[in-house]
Amino acid sequence: MRRIILIALMMGFITPALAIAPDGKGLFCIDQAIADETPDIDLVISAKFIAFWFDSGRALTTKWQRRNDEVILRSSPTGSSYETSSDKIGWISTSHTTNGTREEIYSIDRKTLLAKGTNPKRTQEFTCEILSREKQYKLKLATTRDALQDQYNARLAANQF
């Protein structure tokens with residue numbers, strides 16, 4: 001009985017410390033300003049959602065994009081080193097495009113889970129939810145991709161070709 005109480009006390013002290021560290025956790029974020037029903041389905045696919053996975057001091061960014069008539073996931077292969085403070089987590093993500101290199105600056109408010117992303121084209125704010133397991137994170141990415149594909153397919157159904 002004594003061991004059980006001791007283990008319970010230890011878990012009570014250890015768990016909050018584990019909950020604070022970003023590594024091994026993900027964020028799934030939505031830009032609430034972009035309506036699901038917007039006539040621009042490409043805007044919904046490419047800009048409404050973003051996800052981050054934190055591992056080994058790096059933030060890996062995942063976005064959805066359309067390649068012809070297929071919605072795919074585009075993830076940063078190596079991620080970017082992030083920095084933390086008591087209030088926020090921030091990093092600069094560099095991606096290589098056909099026009100050269102593009103930097104995106106991200107910051108996440110640790111209390112409100114509000115994420116801000118800035119790139120040369122726009123600044124966006126996202127509300128995020130924490131996904132504490134990698135399996136849960138990957139499932140959320142896949143189900144979102146499937147839902148976006150269904151939306152896109154519904155738009156295609158009205159076409160003749």
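A residue that is of a type in the set (D, E, K, R), without any contact (Cβ under 8 Å) to a residue 24 or more places away in the chain and at negative phi occurs nowhere in the stretch 123-132.
Pick from the stretch 87-109 the residues that are among the polar types (S, T, N, Q) and modelled with pLDDT under 95: which of them is nearest to Pro22 (Cα to Cα)?
Keep residues of the stretch 87-109 that are among the polar types (S, T, N, Q), which gives 93-95, 97-99, 101, 107.
Cutting the leftovers down to modelled with pLDDT under 95 gives us 93-95, 97-99, 101.
Values: Ser93: 17, Thr94: 20, Ser95: 22, Thr97: 28, Thr98: 32, Asn99: 33, Thr101: 27 Å.
Applying the filter and picking the extreme gives Ser93.
Against the condition more than 12 Å from the chain's Cα centre (by Cα), surrounded by fewer than 11 Cβ atoms within 10 Å (Cβ to Cβ) and part of a strand (DSSP E or B), how does Thr143 come out, does it pass?
Details: more than 12 Å from the chain's Cα centre (by Cα): yes; surrounded by fewer than 11 Cβ atoms within 10 Å (Cβ to Cβ): yes; part of a strand (DSSP E or B): no.
For Thr143, the condition - more than 12 Å from the chain's Cα centre (by Cα), surrounded by fewer than 11 Cβ atoms within 10 Å (Cβ to Cβ) and part of a strand (DSSP E or B) - is not met.
Can you find a residue that is surrounded by 13 or more Cβ atoms within 10 Å (Cβ to Cβ) and over 15 Å from Leu27 (Cβ atoms) anywhere in the stretch 110-123? Yes; the residues of the stretch 110-123 include at least one that is surrounded by 13 or more Cβ atoms within 10 Å (Cβ to Cβ) and over 15 Å from Leu27 (Cβ atoms).
Looking at Thr112, Thr127, just one residue is outside any helix (DSSP H, G or I), at pLDDT 95 or above, more than 19 Å from Ile34 (Cα to Cα) and polar (S, T, N, Q), and that residue is Thr112.
In the stretch 100-113, the residues that are under 18 Å from Gly79 (Cα atoms) and in contact (Cβ under 8 Å) with a residue 60 or more places away in the chain reach residues that are of a type in the set (Val, Ile, Thr) and surrounded by 12 or more Cβ atoms within 10 Å (Cβ to Cβ) with C-beta atoms within less than 6 angstrom, at least six apart or across chains, in these pairs: Ile108/Ile89.
The values are calculated or read from the model by the stated rules, or taken from the named source; none is laboratory data. Not measured: the values here are computed from a predicted model. Neighbour counts are summed over all protein chains in view; Cβ atoms, including those assigned to glycine, are modelled from backbone coordinates with ideal geometry.
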